[in-house]
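Student: Handing you a structure now.
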Amino acid sequence: MSGPVNTVDAPTAADCSHPSAPCLEVSESREAQVGRIRVRRALPRKGRRMVGAWCFADHMGPADVTENSGLDVGPHPHIGLQTVTWLIDGEALHRDSLGSEQVIKPGELNLMTSGGAVSHAEEATGHYRGTLEGLQLWIALPESTRHGHAVFEHRADLPQAELGGAVATVLLGDFADQVSPARHDSPLVGVDLNLHDSCTVPLNPEWEYALVVMEGAIGLAGKPLPPGKLGYLGQGRSEIRLDIAGPTRALLLGGEPFEDPIVMWWNFVARNREEVDAAYASWANQDDRFGRVRSNLPLIPTKAPFWQPTRPPRQDRS
Ligand code: MN
């Protein structure tokens, strides 16, 4: 999915602290529109730009889709990141410039590693009609792989752990002795928590963590965390107690604090503006860098980065 990140979403690095002690910071998600679907953007937010290498988190839907209209996010480019797609309801079709064509359903993971360049589209499946709801997340790639080749993975075989109150599905990394087979390039974890009772969840005290609730609500030290917010937990915890009053679904994100200062603009995760300028120019000119996606949806255009000098609008000859 496309995540048009702008300066509202991505404040400067000065806003990005990694408290070394446990904390509970609750930030309000920002309502946005991606394709034709309403999303609640939990990351990046002012004051909380990343959690480990996780740098983007949209809770999309619930929305009604048909056989012919779904996310309807046309071809768009990415650099320097992995896209993680995780549905809790519905189906969507992923197509990319590697030639991948993959329907995703709840319980399955679509993971696209952009390396230096990839483009993709998210479409209706041609047969699913009903509700669509899920999460789209990005992970910033480390220096060692961010210029590498693009790769697409689909995982329908993710491991689960029973926590005595929750079924934990491990999307990425390892958690409660279960290891995801999906690729990750820096120390991190992503876990779907399907809670039917209050429980205690194991954490790595050297990592920072956050929770995004999709359904229900989680009580954290007596404070409720409902959908539409990010609950940032800081570092230094070996476990956390999650209290619930009814069935609850949440995503736990965690990882080693990501120390490289990143520049996020539109669909690009870079280290400086020159890299963004180059990626923007390649997409605007449709050169070969981002390949081609076999999609009937129109390419997503974008304006030039805000730091580029504005040119006078072209005079229409009429
Ligand atoms: Mn995308």
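Student: What are the residues in segment 98-142 that are assigned to a loop (DSSP other than H, G, I, E, B) and of a type in the set (S, T, N, Q), if any? Before the answer, list the steps.
Tutor: Here is the first cut: in segment 98-142, the ones assigned to a loop (DSSP other than H, G, I, E, B) are 98-100, 105-108, 114-117, 124-129, 141-142.
Hits for segment 98-142 are 100, 114, 125.
Student: Where the second residue is of a type in the set (Phe, Trp, Tyr) and part of a loop (DSSP other than H, G, I, E, B) and the first is without any contact (Cβ under 8 Å) to a residue 60 or more places away in the chain and lies in segment 73-100, which pairs have Cβ atoms under 6 Å and are six or more apart or on separate chains?
Tutor: Every condition considered, the pairs that remain are 91/128.
Student: Go through (1) away from the ligand (no atom under 15 Å from the Cβ); (2) out of contact with any Leu (no Cβ under 7 Å at 6 or more places or on another chain) and name the single condition residue 39 misses.
Tutor: Status for residue 39: all satisfied but (1).
Student: Report, by residue number, each residue of segment 251-278 that is surrounded by 18 or more Cβ atoms within 10 Å (Cβ to Cβ), away from the ligand (no atom under 16 Å from the Cβ) and closer than 19 Å to residue 230 by Cβ.
Tutor: 251, 252, 253, 254, 255, 257, 258, 262
Student: So which residues in segment 212-231 are surrounded by fewer than 19 Cβ atoms within 10 Å (Cβ to Cβ), modelled with pLDDT of 95 or more and basic (Lys, Arg), if there are any at all?
Tutor: Correct list: empty.
Student: Only residues that are in contact with a Phe, Trp or Tyr (Cβ under 7 Å, 6 or more places away or on another chain), closer than 30 Å to residue 301 by Cα and hydrophobic (A, V, I, L, M, F, W, C): list them for segment 121-169, please. Lay out the reasoning, then the answer.
Tutor: Keep residues of segment 121-169 that are in contact with a Phe, Trp or Tyr (Cβ under 7 Å, 6 or more places away or on another chain), which gives 134-135, 137-140, 161, 168.
Filter once more, keeping what is closer than 30 Å to residue 301 by Cα: 134-135, 137-140.
Of everything in segment 121-169, those that are in contact with a Phe, Trp or Tyr (Cβ under 7 Å, 6 or more places away or on another chain), closer than 30 Å to residue 301 by Cα and hydrophobic (A, V, I, L, M, F, W, C) turn out to be 135, 137, 138, 139, 140.
Student: Next question, about the same structure. Is it fair to say residue 231 is of a type outside the set (Val, Ile, Thr), within 27 Å of residue 158 (Cα to Cα) and part of a strand (DSSP E or B)? Write out each step before concluding.
Tutor: Values: of a type outside the set (Val, Ile, Thr): yes; within 27 Å of residue 158 (Cα to Cα): yes; part of a strand (DSSP E or B): yes.
Judged against the criteria, residue 231 is a match.
Student: Can you name the residue in segment 117-160 that is farther than 23 Å from residue 52 by Cα and among the acidic types (Asp, Glu) and is also nearest to the ligand (Cβ to nearest atom) among such residues?
Tutor: So the residue we want is 122.
Student: Among 234, 164, 173, which is the only one that is in contact with a Cys (Cβ under 9 Å, 6 or more places away or on another chain), on the phi > 0 side of the Ramachandran plot, surrounded by 15 or more Cβ atoms within 10 Å (Cβ to Cβ) and not hydrophobic (A, V, I, L, M, F, W, C)? Give the derivation first.
Tutor: Numbers: 164 fails: surrounded by 15 or more Cβ atoms within 10 Å (Cβ to Cβ); 173 fails: in contact with a Cys (Cβ under 9 Å, 6 or more places away or on another chain).
When all the criteria are applied, what remains is 234.
Student: While we're looking at this one, here's another question. Among what's in segment 237-250 and is in contact with a Gly (Cβ under 6 Å, 6 or more places away or on another chain) and assigned to a strand (DSSP E or B), pick the residue that is surrounded by the fewest Cβ atoms within 10 Å (Cβ to Cβ).
Tutor: Going through the qualifying residues, I end up with 243.
The values are calculated or read from the model by the stated rules, or taken from the named source; none is laboratory data. The structure displayed is predicted, hence computed values, not measured ones. Every residue, glycine as well, gets a Cβ built from its backbone with ideal geometry; the counts of neighbours run over all protein chains shown.
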